[in-house]
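Below is one structure, written out as structure tokens, with a few remarks after it.
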Amino acid sequence: MMPAVLPSTTTPQRRLRAAVGALALAAVPLVVSACGGGEPVTPLTTTITVTPSSGSTSAKTPTTTTTTTPALQPPKTYEQAMQHFAAGKVDAGAKPQFTSPTGNIYCSIAASGAVPAGCEVRDGRVTPPAGTCDTSGGGAKDVGRIEWSGDTPKPICNSDTMIQPGAQVLQYGAIAQDQGSPFQCVSESIGVTCINTAGKKGFFLAKGAYSIF
């Protein structure tokens, strides 16, 4: 007689539990490997930039307007000099002798004893056109002062000085006048401009530059 074949006692639930156990065992090596000394895992970061719409008030940027003022140019004519004086203001307390704010230019709009009317630079003497300086007697070869000779300004290749200590400072934009004198000067950051209102003549003097008109 053939032996009786017993029906299988493995139910679907038991087969499912066996399959889950097998997967868990297979996953163990992966977990151990991940805890080793390998390269660290860098998290993925996503950056999102939000641009406000054109209608948003936060998107509006203030507009800055820059106005460029043309630099002052040294006058070369009496008419140009008068434009500089028109932009200045008479200093009622100005003395006949004064210096520029830097102290490099000393001026006198009225002759006083041995001090002539004119202006002189402390530093920045000017090499003039040939024939301006008489060097035959060993005189100076450059111009350091402009003097009034009558109503005409003349470059002086001086070896002496007219500068006197303690002179008042004439601020930029200020005009110095002397009552009864036709000479007056305006102080500017570019230099000093002086005129003779009677003779319609003048000069400009600065460090390293001068002009006579």
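The values are calculated or read from the model by the stated rules, or taken from the named source; none is laboratory data. In this text the structure is predicted, and so the values were computed from the model without any measurement. Here the Cβ is made from the backbone with ideal geometry for all residues, glycine too, and neighbour counts use every protein chain on show.
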Given the conditions (1) under 19 Å from ILE190 (Cα atoms); (2) surrounded by fewer than 18 Cβ atoms within 10 Å (Cβ to Cβ); (3) touching a strand residue (DSSP E or B) at 6+ places or on another chain (Cβ under 6 Å), report the number of the one that LEU170 does not fulfil.
(2)
Using the structure shown, decide if SER56 is within 17 Å of GLN164 (Cβ to Cβ) and either at pLDDT below 95 or among the acidic types (Asp, Glu) (or both).
no
Condition first: in a loop (DSSP other than H, G, I, E, B) and hydroxyl-bearing (Ser, Thr, Tyr). Now tell me which residues in the range 162-193 satisfy that.
TYR172, SER181, SER189
Pairs where the first residue, in the range 173-191, is crowded, with 19+ Cβ neighbours inside 10 Å and the second is polar (S, T, N, Q) and part of a loop (DSSP other than H, G, I, E, B), C-beta under 6 Å, 6+ apart
SER187/SER100
Of all residues in the range 128-161, which are part of a loop (DSSP other than H, G, I, E, B), in contact (Cβ under 8 Å) with a residue 12 or more places away in the chain and either acidic (Asp, Glu) or closer than 11 Å to PHE203 by Cβ (or both)?
ASP134, ASP142, ASP151
